[in-house]
Each structure stands twice: as structure tokens, then as C-alpha cells.
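First comes the structure, then the notes that go with it.
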Amino acid sequence: MRRVGIRIGAVATALGLAACGVVALADGASGTHGQIVVACADATTDAATINTAITGSARGAVVMIQGMCLLTSPITLLGDRTYTGGNSGGEADTTKPTGTVLVQDASMAYVLASDAYATKATTSGDPIGIRDMTVACNGTGSTNGIVVESWLADVEHMYVSGCAGSGIVDTGNAPTTSGYITNTSVNSRFADNFIENSGHYGFYVQDAGNAVTDGFFRDNQVSNSGIDGIHLEDAAGWNVTGNHLYADGQDGIYLHRMYGTTVSDNYIEDFATKQTSGSYYGVEADVQGDPVSSTISGNKVLNDGAAESATATYTYIALTQTNYGTGNVAVTGNVVVGRQGSDVGLSFTGNAYPLMVSSSGNRVSGVGTARSVGANATVDAGV
């Protein structure tokens, strides 16, 4: 029997459709044990309808959300399920909606969050899939768009716009005595998303305890973030590849605890061009020591299309320190285009611990200093 996303009352669902395997859910929701269809009504009841449908779904279910959803409270996403819409539509203007649009219509900490985060669990949640929807925040408070506290999460083709907090957050923080989850949260993938106009970070790995590692942030667009486009408090094992970042307020990509990290083929333009003081970076990383090395390759980093302030400092690719042991990084084949004589193209510093860098094939222009080598850093061309 073919399922369609029509609004079906709870009584009719239970009595008229039980024979063909349709589950009794909230008004506005129908489906089988394998698929739940929720049709929003652009009404203040939409959040309750969606949450009730999710609560009634079975593990392994696909929860399909359709239409314009007016959310007066956040949505909690149970693990071991996939959540999908008609499509993200590429349009956050709620006067011209296309696809599935989740509209923030009240003060809330987040619009969508995995159940482990929503219930303040001390361990990461089960795998989860989120795709093909628009999250349209209203720019108030410190609301995050999507918060994931789950391992093996898959978030793709989401359009997240106007969230006063961060657009998408992968978190390992929890209300424990240590302040973070007690297990790991690894192997998550964030791909083909468009994140714009976030008040804080576009994409944020929030991790005080070295738990949220070995993930993928690939082929996304991140623009006009209030702070950094991509901000990883734990960059260990992450693959940050093929993203386009532009007009972000401070750093393009910030990576803390770089260890076995790949940063490649990203296009970063017009970072921190509205700043009038301070120091800012296209790519900034501090490095963990032996034994695993990291790579920064094939990136295009430029401020060619907008003016930089003469009273701020811009460094395009920087390794700022090694945290322990000997840090090893290959920096190859990147293109940097600066704007003024105070700009620095490449900057490498080890500080208290040694930093070993192989730097070759980089094209740097438009800056006053093509490459700066600081304390306890050694640079060679590799082999």
C-alpha cells in the first residue's frame, strides 16, 4: 500500500487504517512501523505533533516531516532512526517556503537535538540520520540549530539559517562531574549542508573531554558566522574537506588538538574582514605530538574580495603551537592571496615543544610575510 503525507486524525488512524499496518500516532501523523509521515500545519501544535510521532516510532523507523512547521518548542530526536524532509529547498525565507521548513517561533536552546543531549545523558546516544530539511531560526537568544550527541551520526543536505547560537553542533559535553560524556562519540559525518548567519559558529565540535573525534565535515557551505566558520575543540582524527567558507566573522577554520587531522581542498574567502583589531586566521591549529601526523593541503585561502582593516592582523594558515611531544604536519599545495603588507601567509611555531613541518608547493601572494617560522619550529621540503 502506498503511503502519502496527508493529515489523518488519531481515531481514523487507529480504526480505519489498522488493517494495512498504519500506526496510531498524533493528529497530523501517519505511517507504518518502518516509516512515519508527519504533516505540519503551520500551527503552534506542530512541535507536539512531531514529538509525539517520534515517541511512538519504532527503532529503525524513517520519520518523514513535511511542510511548514511552526515550532514553539524544540524537537527531540530518538536514536536509531532517520529523520528526513521533502528537501531543504535552499530557502529560509518563511514567506516563500519550499520543501520542509522548521521555523523557530519561541525562545529555545536548540531547534533539533538528539535525545542523549536533550535528556542530559552522560554517554553518547545511538546512531541517527538527519537530512533534507531547512532549519529557520529567528535570530534571537542563543539558539543552536542542530545539536548531536550521538556516535555515527549522519547529517546531510540541511539548510540551517539565522541561529543566534551555532548552526550545527557535535557535542561531547554533559552534566557530569568532569563536564563531558564518559564514552566516545566518533565516526559522525556532516556533508552537503548550507549553514549561514549563525551568531556564534557555523559548525562547532564542543568537546572538553577528547570524546568527539574521527568525524567528517565535507562539502558544506558556511557563511556569515558571527565568530568562526568551523570551530573544532577537538580536531583529532577529523577530516575537514571540500568546504566553502566565506564572510565569517573571525577565523575560517579553528582546530584545537590537531592529531591525525586532514584539512584539504577547502575554499576560504573574506574571513574576519569586518574586524578592526585583534588577530585572525584563515586556518589556525595547535598540534598534538607523536606519533600521528596531520596534513593541510590543497586549500585556497584569500581575502581578495573585501578590504582588511589596517589595525587587525591576518594570518592565512598558522600552526600556533605544539601541545606535547613533537608535532608533525605536512603543509602542501595551498594557495594564499592576501591584501596588505601586514598579512602573513604561512606561520609555524612550536613554542615549548618541537614542531616539524614539511612545507612545499604553496603559492603565497599579496602578503608582507610569505612564511614566518617561530620558536622551536623546523621547516623542510619533505622528500
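Condition first: polar (S, T, N, Q), part of a loop (DSSP other than H, G, I, E, B), open to solvent by 40 Å² or more (accessible area, probe 1.4 Å) and touching a residue at least 24 places away in the same chain (Cβ under 8 Å). Can you find one or more residues in the range 329-337 that meet it? No, because not a single residue in the range 329-337 is polar (S, T, N, Q), part of a loop (DSSP other than H, G, I, E, B), open to solvent by 40 Å² or more (accessible area, probe 1.4 Å) and touching a residue at least 24 places away in the same chain (Cβ under 8 Å). Checking each residue in the range 197-212 for being open to solvent by 10 Å² or more (accessible area, probe 1.4 Å) and closer than 17 Å to Val240 by Cα picks out Tyr201, Tyr204, Gln206.
Please enumerate the residues belonging to the range 213-230 that are open to solvent by less than 30 Å² (accessible area, probe 1.4 Å) and not acidic (Asp, Glu). Step through it out loud before you land on a result.
The initial filter retains those residues of the range 213-230 that are open to solvent by less than 30 Å² (accessible area, probe 1.4 Å), namely 213, 215, 217, 220, 222-223, 225, 228-230.
Residues satisfying the conditions are Thr213, Gly215, Phe217, Asn220, Val222, Ser223, Ser225, Gly229, Ile230.
Applying the set (1) at pLDDT 95 or above; (2) buried (at least 24 other Cβ atoms within 10 Å of the Cβ); (3) outside any strand (DSSP E or B) to Ser88 leaves exactly one unmet item: (1). Scan the range 130-172 for residues that are on the phi < 0 side of the Ramachandran plot, surrounded by fewer than 20 Cβ atoms within 10 Å (Cβ to Cβ) and not hydroxyl-bearing (Ser, Thr, Tyr) and jot them down. Across the range 130-172, the qualifying residues are Arg131, Asn138, Asp154, Glu156, Ala164. The requirement of being in contact with a His (Cβ under 6 Å, 6 or more places away or on another chain) and either open to solvent by less than 30 Å² (accessible area, probe 1.4 Å) or not basic (Lys, Arg) (or both) is not satisfied by Tyr180. Has the range 283-296 got at least one residue that is more than 21 Å from Gln340 (Cβ to Cβ), open to solvent by 50 Å² or more (accessible area, probe 1.4 Å) and assigned to a strand (DSSP E or B)? Checked against the condition, which is being more than 21 Å from Gln340 (Cβ to Cβ), open to solvent by 50 Å² or more (accessible area, probe 1.4 Å) and assigned to a strand (DSSP E or B), the range 283-296 yields at least one hit. Test Tyr324 against the stated conditions and say whether it is over 24 Å from Thr273 (Cα atoms), of a type outside the set (A, V, I, L, M), in contact (Cβ under 8 Å) with a residue 40 or more places away in the chain and outside any strand (DSSP E or B). Judged against the criteria, Tyr324 is not a match.
When you look at Asp192, is it touching a strand residue (DSSP E or B) at 6+ places or on another chain (Cβ under 8 Å), acidic (Asp, Glu) and open to solvent by 60 Å² or more (accessible area, probe 1.4 Å), yes or no?
Yes, satisfied.
The values are calculated or read from the model by the stated rules, or taken from the named source; none is laboratory data. Predicted model, so just to flag it, every value in this text is computed and none were measured. So basically every Cβ, Gly included, is an ideal-geometry build from the backbone, and we count neighbours across all protein chains shown. Side chains are part of the model used for accessible areas, which takes the heavy atoms of the whole protein and leaves out ligands, DNA and RNA. Shrake-Rupley method; radii C 1.70, N 1.55, O 1.52, S 1.80 Å.
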